[in-house]
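> Got a structure for you, written out below as structure tokens; questions coming shortly.
The values are calculated or read from the model by the stated rules, or taken from the named source; none is laboratory data. As the structure is a computational prediction, the values presented were derived from the model and not from experiment. Cβ placement follows ideal geometry from the backbone for every residue including glycine, while neighbour counts extend to all protein chains displayed.
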Amino acid sequence: MKVTTPFVLLVRFYQTAISPFTPASCRFEPTCSSYMIQALQTHGLFYGGYLGMKRILSCHPWGRTGYDPVPEKKCSHKH
């Protein structure tokens, strides 16, 4: 089991058990919860969690809006 699995499951729980009962308010595509899962799966717990939290904190009426995908993972090996 990956380190990120419990966090992904927590977000999925939110998506199925809580989100359907709240008004749709995310200003971005993909939604903040989908972004968090993608960020965790792509970048791991620390950087992915940072990206996801940064996105959630920017999702407010005075923030920007629109398409905002998870950045691609940079290649870490040197030539």
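> From the residues in the range 65-77 that are over 12 Å from the mean Cα position of the chain (by Cα) and surrounded by 10 or more Cβ atoms within 10 Å (Cβ to Cβ), which one is nearest to MET36 (Cα to Cα)?
Applying the filter and picking the extreme gives LYS73.
> Go through the range 1-33 and give me each residue that's surrounded by 16 or more Cβ atoms within 10 Å (Cβ to Cβ) and either under 19 Å from GLY66 (Cβ atoms) or touching a Pro at 6+ places or on another chain (Cβ under 8 Å) (or both).
CYS26, PHE28, PRO30, THR31, CYS32, SER33 - these are the residues of the range 1-33 that are surrounded by 16 or more Cβ atoms within 10 Å (Cβ to Cβ) and either under 19 Å from GLY66 (Cβ atoms) or touching a Pro at 6+ places or on another chain (Cβ under 8 Å) (or both).
> Tell me yes or no: at least one residue of the range 68-76 is in contact with a helix residue (DSSP H, G or I) (Cβ under 8 Å, 6 or more places away or on another chain), part of a loop (DSSP other than H, G, I, E, B) and among the basic types (Lys, Arg).
yes
> Which residue, of ALA39, ALA24, ALA17, is free of Cβ contacts under 8 Å to residues at least 12 places away in the same chain, within 21 Å of HIS60 (Cβ to Cβ) and either outside any loop (DSSP other than H, G, I, E, B) or not charged (D, E, K, R) (or both)? If you could, list the steps in order and put the result at the bottom.
Details: ALA39 fails: free of Cβ contacts under 8 Å to residues at least 12 places away in the same chain; ALA17 fails: within 21 Å of HIS60 (Cβ to Cβ).
Unique residue meeting the criteria: ALA24.
> Could we say that ILE56 is closer than 19 Å to VAL8 by Cβ and modelled with pLDDT of 95 or more here? It would help to see each step written out before you state the result.
Working: closer than 19 Å to VAL8 by Cβ: yes; modelled with pLDDT of 95 or more: no.
So ILE56 fails the test.
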